[in-house]
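Colleague: This is the structure, below, for whatever I ask next.
The values are calculated or read from the model by the stated rules, or taken from the named source; none is laboratory data. Because the structure is predicted, anything quoted here is derived from the model rather than measured. Please note: Cβ atoms are built from the backbone with ideal geometry, for glycine as well, and neighbour counts cover all protein chains shown. Please note that ligands, DNA and RNA were not included when accessible areas were found on the heavy atoms of the full protein model with its side chains. Shrake-Rupley method; radii C 1.70, N 1.55, O 1.52, S 1.80 Å.
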Amino acid sequence: LQGIFVLGLPYALLHSGYSGLFLIVLAAALCCYTGKILIACLYEENEDGQLIRARDTYEDIANACCKKVSPRLGGIVINVTQVTELIMTCILYLVVSGNLLSHSFSYVPVTEKTWSIIAFLTLLPCVFIKTLKIVSKLSQLCSLVHFIIIFVVMTYCLTQIHQWSWAKFRLSLEFEDFLVSMGVIIFSYTSQIFLPTLEGSMKNPGEFRCMLNWTHFFACVLKTTFALSAFLTWGEETREVVTDNLPSFLQTLVNLCLLTKALLSYPLPFFAATEIVYACISRGNYFNHTSPLFALCVRSLFLLLTLLMAMFIPHFALLMGLTGSVTGAAMTFLLPSLFHLKLKWNKLSFFEKCADISVFILGFLCSLAGIVCSIKGLLKVFGEG
C-alpha cells in the first residue's frame, strides 16, 4: 500500500487540487471495500450456517462464477490478467532501477539499459525463492527503506514550513490532468491481487477485515500527510517524482534508497507470477513438475523475460499506463464487485448491491479514461517519431 506510486502523489495534488485530497480518502475506502468483498467470495455457508473457506485463490472465485459457461474460462482470464500485471510491475522495477543508477552515477559513461542489466544481475538469487516467508522478509526491508525515504522528504519539507501556503492549491482543473491524477491516486492503493494468498496465510484469518481497515486507514493518513507536505513545499514546481525536487546532496541519498526499494520490491510480484505460471503448467502431464530443476527453469525463464522486455520495449511507461488501466482497474474494482454480485446476490442487501454496482461503474469509467489517455499519449509519441 505504500509503494513507489506514493512519490507521485504530490504531483497528483498539483493537477487535482482540493479534489485530490478527497480522492486519496475515497480511494482508500473503495480499495478496502473491494478487498473485503473479494475475500468474502472465498467463503460459503455450510449446512449449519457456518462460513467455510470453499475457495483458495482469485482463480477459484472466477471459475465458480463462470462454471455454467466453462469450468476453466474464468480462471484463464484471471491468470492472464494477473500475470500480465505482475510481469509489467517486475519490468517497471528494472526500468526504474536502471534510471536511478543512471542519475546517481551520471559521471560513469554507461547507458541506462546497461545499468538495468547490472540491476538485473543483483536479482538473480530470486530464482531460488521457494516460499512466501523469504519474500515477506524482503518486503519488511522494503518497507523500512520506504519509511527512510518518506522520513527524509518529510523532514526537509518541515524545515520549509515557513513557505507553506494554501493558496498553492488549484480551484480550476484540466479534465485530462485530473484523470491522470485520479489514476495515480487510485492505483497507489491496489493490493487485491495478493489478498487471497495473504488471507490464507494468516494465523487467524478472522482478523483479516480488521487488518484491512487499519492498514488502509494508516496508508490514507500517511499518503495525505506526505502529499500535502510536499506539495505545500514546492507548489507549482512539484515534479512527477517528488524526490527530484530535493537538493542535490539529499537527492543522491534518496535515489540510492529508491534503488534499494525497487530491487527489494521485485521479489513479491516475481514470486506471485511464477507461482501462477508454475501452477498452470503443473496441471498438465507433459512435464515432471515435481522436479526442483523444472521449477528453477520456470523462474529463470521468467526472470530473463522481464529483462528482455525492459530492454527492448519502446515507450514502456505509456504501455505500462495502458496495461495498468486495463488490468489494475479490472483486478481492483471490476472483478471483485462483479464476482461478489454473482456469488452472493441472494444474500446481499439492497444497499450492498447498490454499492457493488457503483464500484463496478466507477471502475469501468476509471479504466476507460486511463485507456483513452494512454492511447493518446502513445499516438502522440509515435506521431512525433
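Colleague: I'd like to check one number: the per residue accessible area of the range 4-384, probe 1.4 Å, reported in Å² as a whole number.
Modeller: Working: 19330 Å² over 381 residues.
Accessible area per residue: 51 Å².
Colleague: Mind checking the range 95-140 for chymotrypsin sites (Phe, Trp or Tyr not before Pro) that DSSP puts in a loop (not H, G, I, E or B) and that have at most 11 other Cβ atoms within 10 Å? Please list the in-between numbers first.
Modeller: Values: sites: F105, Y107, W115, F120, F128; in loops: F105, Y107.
Within the range 95-140, the qualifying chymotrypsin sites (Phe, Trp or Tyr not before Pro) (loop, at most 11 other Cβ atoms within 10 Å) are Y107.
Colleague: While we're on this one: With a cut-off of 8 Å between alpha carbons and a minimum separation of six or more residues, what is the relative contact order of the chain in percent? Let's see the in-between values first.
Modeller: Working: 461 pairs, mean separation 127.1, N = 385.
Computed over the chain, the figure is 33 percent.
Colleague: Could I ask something else about it? Dividing the convex hull volume of the Cα atoms of the range 127-216 by its residue count, what figure in Å³ per residue is obtained?
Modeller: Values: hull volume 16.4 nm³, N = 90.
Output value, Cα hull per residue: 182 Å³.
Colleague: About its Cα centre, how strong a charge dipole does the chain have in debye, to the nearest 20, once Lys and Arg get +1 and Asp and Glu get -1 at the Cβ?
Modeller: Working: 25 positive and 22 negative charges, 113 e Å.
Roughly 540 debye, rounded to the nearest 20.
Colleague: Under a no-solvent Debye model with one identical scatterer per Cα of the chain, what's log10 I(q)/I(0) at q = 0.11 Å⁻¹?
Modeller: The Cα Debye sum returns log10 ratios of -0.85.
Colleague: Quick one: length gained pulling F151 to A54 fully straight, 0.36 nm per residue minus the C-alpha distance? Write down the numbers at each step before the final one.
Modeller: On the way: separation 97, 0.36 × 97 = 34.92 nm, distance 4.29 nm.
Fully extending the segment from F151 to A54 adds 30.6 nm.
Colleague: On to the next question. Could you go through the range 35-44 in sequence order and give the Karplus-derived ³J(HN,Hα) for each residue, using 6.51 cos²θ - 1.76 cosθ + 1.60 with θ = phi - 60°, rounded to whole Hz, and x for Gly and Pro?
Modeller: x, 5, 6, 5, 5, 4, 5, 6, 10, 9
Colleague: Going Cα to Cα from K133, which lysines come in below 26 Å? Please leave out same-chain ones fewer than 8 positions away.
Modeller: Correct list for K133: K36, K203, K261.
Colleague: When the chain is fully extended, how far beyond the present Cα-Cα distance does T225 get from V80, taking 0.36 nm per residue of separation? Each step should come with its number before you reach the end.
Modeller: Details: separation 145, 0.36 × 145 = 52.20 nm, distance 3.63 nm.
Extending this stretch completely gives an extra 48.6 nm.
Colleague: Reachable lysines from K380, Cα under 16 Å, same-chain residues fewer than 8 places away excluded?
Modeller: Candidates past the 8-residue exclusion: nothing left.
Colleague: In the range 4-384, what percent of the accessible surface is made up of carbon and sulfur (1.4 Å probe, ligands and nucleic acids excluded)?
Modeller: Numbers: 13300 of 19330 Å².
It is 69 percent, rounded to a whole number.
Colleague: If Rh is defined by the Kirkwood formula over all Cα pairs and Rg also comes from Cα, what ratio Rg/Rh do you get for the range 1-83? Mind dumping the intermediate values first?
Modeller: On the way: Rg = 18.2 Å, Rh = 15.7 Å.
That ratio equals 1.16.
Colleague: Something else about it: Could you pull the Cα extents of the range 159-275 along its three principal axes, largest to smallest, in whole Å?
Modeller: Reported extents, whole Å, longest axis first: 48, 33, 30.
Colleague: To continue, here is another question. Expressed as a whole percent, how much of the Cα-Cα distance distribution for the range 66-151 exceeds 14 Å?
Modeller: Details: 2821 of 3655 pairs.
When every Cα pair of the range 66-151 is considered, 77 percent fall beyond 14 Å.
Colleague: Would you list V95, V254, V326 from the most to the least accessible area, probe 1.4 Å? Could the numbers behind the result be given before it?
Modeller: Details: V95 40, V254 0, V326 70 Å².
Accessible-area ranking of V95, V254, V326, largest first: V326, V95, V254.
Colleague: Something else now. Would you calculate the separation in nanometres between label points at S139 and S349, each defined as 7 Å from the Cα along the Cα-to-beta-carbon direction?
Modeller: With each label point 7 Å from Cα toward Cβ, the separation is 3.2 nm.
Colleague: Also, I was wondering about something else. Can you work out ³J(HN,Hα) from phi for every residue in the range 96-105, in order, using Karplus 6.51 cos²θ - 1.76 cosθ + 1.60 and θ = phi - 60°, giving whole Hz and x for Gly and Pro?
Modeller: 4, 4, x, 5, 5, 5, 4, 6, 6, 10
Colleague: Taking a threshold of 29 Å on the Cα-Cα distance, which of the pairs K344/K376; K67/K347; K67/K376 fall above it?
Modeller: With Cα atoms farther than 29 Å apart: K344/K376; K67/K376.
Colleague: Around R239, which amide H atoms from residues at least 5 apart in sequence, or from another chain, sit under 5 Å from its own amide H, with H modelled in the peptide plane?
Modeller: N245
Colleague: Let me ask you something else. Name the GluC sites (Glu not before Pro) in the range 24-111 that are in a loop by DSSP and that have at most 10 other C-beta atoms within 10 Å, would you?
Modeller: Qualifying residues, ordered by number: E47.
Colleague: Just going by the charge dipole of the range 135-215, with Lys and Arg at +1 and Asp and Glu at -1 on Cβ, which of L212, I186, S136 is farthest out on the positive end?
Modeller: Value computed over the given set: S136.
Colleague: Of L378, Y266, I281, which is farthest towards the positive pole of the chain's charge dipole, taken about the Cα centre with +1 and -1 on the beta-carbons of Lys, Arg and Asp, Glu respectively?
Modeller: In the chain, that residue is I281.
Colleague: When only DSSP loop residues count, what GluC sites (Glu not before Pro) in the range 180-243 have their Cβ near at most 16 other Cβ atoms within 10 Å? Kindly include the intermediate steps, with their values, before the conclusion.
Modeller: Details: sites: E199, E207, E236, E237, E240; in loops: E240.
Qualifying residues, ordered by number: E240.
Colleague: I need the phi-derived Karplus couplings for the range 341-354: 6.51 cos²θ - 1.76 cosθ + 1.60, θ = phi - 60°, integer Hz, Gly and Pro marked x.
Modeller: Taking θ as phi minus 60°, the curve returns 5, 5, 7, 10, 3, 5, 9, 8, 6, 4, 4, 5, 5, 4 Hz for the range 341-354.
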